[in-house]
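Quick notes on the structure that follows.
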Amino acid sequence: MYDVCVQLLQDRGVKLEDIAECAIMLQKDYFPDLRMENVLQDVKQVVAKREVQHAIITGINLDIMAEQGKLPSKELEDILMDDYSLYGVDEVLAYGICNIYGSIALTNYGYIDRVKPGIIAFLNNHEGPQCNTFLDDIVGAIAASAASRIAHGKEKGDNGEK
């Protein structure tokens with residue numbers, strides 16, 4: 001299932017390194033010497049969780065169905081294609097990911113969803129035919145959760161600091 005999820009992300013233009021860059025942005029003030037390879041391991045650990053995999057598969061498939069016009073509800077399709085700001089279900093799915101990693105993940109997610117750094121800004125630009133209503137929030141939640149893993153239980157030296 002892990003490999004399926006990584007492939008789904010890649011097929012939608014998201015590499016795990018892109019998510020790791022967002023996690024680094026969230027933690028750089030606290031761990032200024034974070035190294036990509038270490039943070040990438042935290043991202044992989046988040047994606048390895050079954051609940052996260054279910055969120056990835058569900059959200060991406062809803063985005064794909066919307067862009068292909070295959071949702072049974074035209075109203076839902078319009079909401080997803082427009083990434084309607086008051087819809088909120090996309091954020092609720094992301095909260096499910098963050099809830100696994102505690103309050104730091106939730107607050108990190110709120111911040112990253114507001115500032116939309118890196119790949120999240122790209123996914124949220126609404127240009128082109130690809131629907132990313134769920135994907136941008138899933139990516140933000142994975143990054144926020146990886147940042148939470150760094151904040152919780154990581155002692156100096158675990159992330160490449162000297």
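Where does the chain land on the Kirkwood hydrodynamic radius, alpha-carbon pairs, in angstrom? It is 15.7 Å. Charges on Cβ only, +1 for Lys and Arg, -1 for Asp and Glu, centred on the Cα centroid of region 1-87; of Leu26, Ala66, Gln7, which one is farthest towards the dipole's positive end? Among Leu26, Ala66, Gln7, the one farthest towards the positive end of the dipole of region 1-87 is Gln7.
About its Cα centre, how strong a charge dipole does the chain have in debye, to the nearest 20, once Lys and Arg get +1 and Asp and Glu get -1 at the Cβ?
The dipole magnitude comes to about 540 debye.
Remark: relative contact order (region 1-151) = 35 percent; criterion is Cα-Cα distance under 8 angstrom and separation of 6 or more residues.
Taking a ≥ b ≥ c as the square roots of the eigenvalues of the alpha-carbon gyration tensor, region 72-136 is classed oblate because a/c is 1.5 or more while a/b is no larger than b/c.
Within the listed set Asp11, Asp90, Asp137, the Gaussian network model of the chain (springs between alpha-carbon atoms below 10 Å) gives the highest mean-square fluctuation for Asp11.
Report the number of Lys pairs in region 2-151 whose alpha-carbons are under 30 Å apart, with separation of 8 or more residues or on distinct chains. Final tally of qualifying lysine pairs is 13.
Laboratory data are not the source of any read-out in this text; all were calculated from the coordinates shown. Fair warning: this is a prediction, and the values are worked out from it, not measured in the lab. No Cβ is skipped: glycine too gets one built from the backbone with ideal geometry, and neighbour counts run over all protein chains shown.
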